[in-house]
Amino acid sequence: MALPLLEDHRDLAEAVAAFANRFGGIADTRSNVKRYAAGDRPDSWDGLVRQGLHAVHLPEQYGGDGAGLAELAVVVEQLGDALYPGPYVPTVIASGILATAAGPAAETMLTELATGATGAVCTGTRLRADRSDAGWTVSGSADPALGLPGADVVLVRANSEDGELWFRLEPSTSAAVVIEDGVDLTRSIGTLTLTDHQVEAGLIVDGLQAHRVELIVNTVLAAEASGIAGWALRTAVDYVKSRQQFGRPVGSFQAVQHKAAMMLVRSEIACAAAWDAARSEEHDEDQQKLVSAQAALAALPVGIENALECVTLLGGIGFTWEHDAHLYWRRAISIAAVAGSEVKWAHTLGDRSADSERDFSFVDPEMLPELREQVRRVLDEVALLPDDGTTSASWAPAKGSARRARFADAKLVAPHYRAPYGLGAGPREQAVIAHEFAMRGWAQPSTVIGEWVLPTILEHGNAEQQDRFVEPSLRADIIWCQLFSEPGAGSDLAGLSTKARKVDGGWVLSGQKVWNSGAHEADWGVCLARSDADAPKHRGLSYFLVDMTSKGIDVRPLKQATGKSEFNEVFLDDVFVPDDCLVAEPGQGWKLAATTLSNERLSMGSTLHHGSSRLFRQVIADASHDCPREDAVEGLGRSISRELALCAMNLRGVSARLAGQEPGAEISVSKVYNALAQREGSRDLLRLLGPRAAVVDPSANYAIDHIGLPSILFGGGTVEIQLNVIAQRVLGLPRS
């Protein structure tokens, strides 16, 4: 829920939070809002400068720490969480921009900022620069600028026939600063108007690149939005845990839990967007343009949304002047406004994504060279083998494939499994293997449903079961299905009624299962059945491995609303299962099912199938949208934003594991966001199409794409159940 993943970043965040707690706090901020609105510095400014928090990102030659945008974002997020008042954010934006510039004017300004001067940046489309005998003449008004009133160093951008002109503003009668009545009560905002203002050559700032400037501005503002969102979430959760209504904490009500859980989902989106932008400092221009637009589009609105939801969860007290919530809310609105409109950034992201895409590779190409060479040799061999095998009509892997057999022999189907089935690969090794596959443009082999089944057998099964099932499954000689859900037991899995009766040599299973993916093509199924009717419902379940060719099994494909049949209902009519196909002990099925479901959720959340950017690109390419093209490009931008958010969250999870951290909330958060993103994207697609969506077109079936959404919204646990999991297990809200 916060930017830092590395230990030194976490230490930095703790130091900044400690500083913010020592100096004044929000009570002090409230008592000085008039001062701050006029441009005064907080009394703690000198202490902040002594700690170097204003210069963590600046080169050492100017007295900075020589760090970068990633470290600055950590500081900004923590100060945003504390609602630190005054000109800190506009100052570090100004110094961050100047650190990328060249020339004596930039050096002079940087030196002043590094010693504690405050700064501001003025931009806008209405500032016009024309050449004059003395240099340049600039006229017009800038957009409202944070920190302008009271700023010691002001950097201005005007537009000329030659492009952008950056210069230092010197006091002059031709320059007027109007102090505006800001929405944010805790820092100043003003408007600069220039009338035939003369700019000498010595004040010109050279070497600035528009995309670098944009990246710095949007990353800093996104980091502050992440801090605001985190404060709002924490404040709301703390309140609903203790607030009593109807004799119990309001945090035990499902509606409240879902609100709080969605606040966490949004916080993770904002955090991931700010983090991805901050880490792009050394990436190329196209990459920086993508993440900069994403930071503005994905992170800044979250500060507003979470602040509002905080107020709604606090109730009336949150809507009072005395509560701090509106101060955070105001700041969130302010920083989102100065960054530019959501519509603009959505269109910008869509436009920039037309010919570039985000590169989420993160592995050092020199890391683990021996493993890389081993994988490359296998990939070279596989490339020479025929792409044969019997393909599936659904999601199952092809059977009898020579390529698949070679991958299995090389332990690359599930490299994280222990020997003899895998390589015992940890996070670093898995990342390297995935990187090698990605460089070939190949998908890593999967056992599909087996991804969830085999870890359970490896953890809880006996040696004979492991030998019998794991290796053949890795080779795709065994295809699995999952026999869990029933007509009366979906999300309430422990309420299932399929019976397992003990007989000589095994068990007899009777009951009905439903929504079983690929059961019509599966060789084996994992079945949860009630083996003890007298035990509590969670303790009377057992976990069986069922041969799908057994007598008494009737698999009936279900025709979905899309017209496809990817799911099934399975009837078990006195199906005999031998004792050697019971995993672990009778009555331990619930524990084993939890292992299976946890692996299921871990394997989801990496791609979007419905409402994907690919579909938006197709709509734009064939001009099938029933709206202006710019509206379709905006829709593409929002779709890209959802995909970037999901990928960034997943990469943060991987990076955390590489840093030695245990998996956190990202699995359930990604599951929820994956489902919601596909729902939003698919619906946005229909909004663009008009009459085209009324026709079934096999080459571009957009309406059927939307109708297929339930398979995503239900699979692996409904969104609502996942929100319950987040609320109770991650946020610690009480059960009802």
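The values are calculated or read from the model by the stated rules, or taken from the named source; none is laboratory data. Note that the coordinates shown come from a computational prediction; the quantities given were computed from them, not determined experimentally. No Cβ is skipped: glycine too gets one built from the backbone with ideal geometry, and neighbour counts run over all protein chains shown.
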Output for Cβ contacts, cut-off 8 Å, separation at least six or different chains, first residue at pLDDT below 85 in segment 700-721, second aromatic (Phe, Trp, Tyr), reads SER711/PHE567; PHE714/TRP515
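Right, GLU281: buried (at least 22 other Cβ atoms within 10 Å of the Cβ), charged (D, E, K, R), touching a residue at least 12 places away in the same chain (Cβ under 8 Å) and not assigned by TED's automatic domain parsing to the domain that holds PHE167 or not? So that I can check it myself, show each step before the final result.
Numbers: buried (at least 22 other Cβ atoms within 10 Å of the Cβ): no; charged (D, E, K, R): yes; touching a residue at least 12 places away in the same chain (Cβ under 8 Å): yes; not assigned by TED's automatic domain parsing to the domain that holds PHE167: yes.
So GLU281 does not fit the description; no.
Which one of these is touching a helix residue (DSSP H, G or I) at 6+ places or on another chain (Cβ under 6 Å), closer than 30 Å to VAL654 by Cβ and of a type in the set (A, V, I, L, M): ALA106, ALA70, ALA15? Give the derivation first.
Numbers: ALA106 fails: closer than 30 Å to VAL654 by Cβ; ALA15 fails: touching a helix residue (DSSP H, G or I) at 6+ places or on another chain (Cβ under 6 Å).
Within the list ALA106, ALA70, ALA15, the selection yields ALA70.
So if I check each of VAL577, VAL570, which one is closer than 30 Å to LEU713 by Cα and among the β-branched types (Val, Ile, Thr)?
Numbers: VAL577 fails: closer than 30 Å to LEU713 by Cα.
Answer to the selection: VAL570.
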Hits in segment 43-90 - residues which are under 29 Å from the mean Cα position of the chain (by Cα) and of a type in the set (Asp, Glu): GLU71, GLU77, ASP81
Output yes when any residue across segment 578-589 is hydrophobic (A, V, I, L, M, F, W, C), free of Cβ contacts under 8 Å to residues at least 24 places away in the same chain and part of a strand (DSSP E or B), and no when none is. no
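Under 15 Å from the mean Cα position of the chain (by Cα) and in contact (Cβ under 8 Å) with a residue 60 or more places away in the chain: which single residue out of ALA307, ALA270, ALA298 fits that description?
Working: ALA307 fails: under 15 Å from the mean Cα position of the chain (by Cα); ALA270 fails: in contact (Cβ under 8 Å) with a residue 60 or more places away in the chain.
Selected residue: ALA298, the only one of ALA307, ALA270, ALA298 that is under 15 Å from the mean Cα position of the chain (by Cα) and in contact (Cβ under 8 Å) with a residue 60 or more places away in the chain.
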Restricting segment 491-529 to residues that are free of Cβ contacts under 8 Å to residues at least 40 places away in the same chain and in a loop (DSSP other than H, G, I, E, B), the residue that is nearest to ILE712 (Cα to Cα): ASP492
Please report, ordered by residue number, the helices (runs of 4 or more DSSP H) entirely within segment 338-430 with at least 2 residues that are without any contact (Cβ under 8 Å) to a residue 40 or more places away in the chain and outside the structural domain of GLY660 (by TED's automatic domain parsing). 369-383, 402-409
Picked from segment 299-316 (must be touching a Ser or Thr at 6+ places or on another chain (Cβ under 9 Å) and within 23 Å of GLN245 (Cβ to Cβ)), the residue surrounded by the fewest Cβ atoms within 10 Å (Cβ to Cβ) is LEU314
For segment 73-116, which residues satisfy the criterion of being small (Gly, Ala, Ser), under 17 Å from GLY230 (Cβ atoms) and buried (at least 24 other Cβ atoms within 10 Å of the Cβ)? ALA73, GLY80
Here is a check on your reading of the model: is VAL555 within 24 Å of PRO455 (Cβ to Cβ) and assigned to a strand (DSSP E or B)? no
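Test of understanding: among ASP286, ASP276, which residue is in a helix (DSSP H, G or I) and either under 26 Å from ARG10 (Cβ atoms) or without any contact (Cβ under 8 Å) to a residue 24 or more places away in the chain (or both)?
Numbers: ASP286 fails: either under 26 Å from ARG10 (Cβ atoms) or without any contact (Cβ under 8 Å) to a residue 24 or more places away in the chain (or both).
That would be ASP276, the only listed residue that is in a helix (DSSP H, G or I) and either under 26 Å from ARG10 (Cβ atoms) or without any contact (Cβ under 8 Å) to a residue 24 or more places away in the chain (or both).
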Cβ-Cβ distance below 6 Å, separation of 6 or more or different chains: which pairs start in segment 77-89 with a residue that is under 13 Å from ILE335 (Cβ atoms) and assigned by TED's automatic domain parsing to the domain that holds GLY39 and end on one that is in a loop (DSSP other than H, G, I, E, B) and aliphatic (A, V, I, L, M)? GLU77/LEU3
Within segment 616-632, considering residues that are touching a residue at least 60 places away in the same chain (Cβ under 8 Å) and either out of contact with any helix residue (DSSP H, G or I) (no Cβ under 7 Å at 6 or more places or on another chain) or of a type in the set (Ser, Thr, Tyr) (or both), the one surrounded by the most Cβ atoms within 10 Å (Cβ to Cβ): SER624
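Within segment 461-490, work out how many residues are part of a loop (DSSP other than H, G, I, E, B) and among the acidic types (Asp, Glu).
Count: 1.
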How about segment 707-718: which of its residues are surrounded by fewer than 20 Cβ atoms within 10 Å (Cβ to Cβ) and part of a helix (DSSP H, G or I)? ILE707, PRO710, SER711, LEU713, PHE714
Within segment 22-72, the count of residues that are surrounded by fewer than 18 Cβ atoms within 10 Å (Cβ to Cβ) and of a type in the set (Phe, Trp, Tyr) comes to 1
Going through segment 438-470 one residue at a time, which ones are farther than 21 Å from ALA594 by Cα and crowded, with 16+ Cβ neighbours inside 10 Å? PRO445, ARG468
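Residue-wise test of (1) assigned by TED's automatic domain parsing to the domain that holds ASN724; (2) surrounded by 16 or more Cβ atoms within 10 Å (Cβ to Cβ); (3) over 11 Å from the mean Cα position of the chain (by Cα).
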{"position": "GLY653", "(1), (2), (3)": "yes, yes, no"}
{"position": "GLN661", "(1), (2), (3)": "yes, no, yes"}
{"position": "ILE667", "(1), (2), (3)": "yes, yes, no"}
{"position": "TYR673", "(1), (2), (3)": "yes, yes, no"}
{"position": "ALA693", "(1), (2), (3)": "yes, yes, yes"}
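Only one of GLU585, GLU634, GLU643 is among the charged types (D, E, K, R), at pLDDT 90 or above and in contact with a His (Cβ under 6 Å, 6 or more places away or on another chain). Can you tell me which? Before you say what the answer is, go through the steps one by one.
On the way: GLU585 fails: in contact with a His (Cβ under 6 Å, 6 or more places away or on another chain); GLU643 fails: in contact with a His (Cβ under 6 Å, 6 or more places away or on another chain).
Unique residue meeting the criteria: GLU634.
Go through VAL654, VAL695 for me and flag whichever is out of contact with any Ser or Thr (no Cβ under 9 Å at 6 or more places or on another chain), over 19 Å from MET262 (Cα atoms) and free of Cβ contacts under 8 Å to residues at least 12 places away in the same chain. Walk me through it before giving the result.
On the way: VAL654 fails: free of Cβ contacts under 8 Å to residues at least 12 places away in the same chain.
The conditions single out VAL695.
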Unique match (being part of a loop (DSSP other than H, G, I, E, B), more than 17 Å from GLY150 (Cα to Cα) and of a type in the set (Lys, Arg)) among ARG131, ARG126: ARG126
From the residues in segment 171-199 that are charged (D, E, K, R) and surrounded by 14 or more Cβ atoms within 10 Å (Cβ to Cβ), which one is nearest to GLY135 (Cα to Cα)? GLU180
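Conditions (1) in a helix (DSSP H, G or I); (2) more than 30 Å from ARG729 (Cα to Cα); (3) of a type outside the set (Phe, Trp, Tyr), marked per residue:
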site: VAL199; (1), (2), (3): no, yes, yes
site: VAL213; (1), (2), (3): yes, yes, yes
site: ARG234; (1), (2), (3): yes, no, yes
site: VAL240; (1), (2), (3): yes, no, yes
Where the second residue is among the acidic types (Asp, Glu) and assigned to a helix (DSSP H, G or I) and the first is touching a residue at least 12 places away in the same chain (Cβ under 8 Å) and farther than 22 Å from ALA105 by Cβ and lies in segment 47-72, which pairs have Cβ atoms under 8 Å and are six or more apart or on separate chains? VAL56/GLU71; ASP65/GLU71; GLY68/GLU281; LEU69/GLU281; ALA70/GLU281
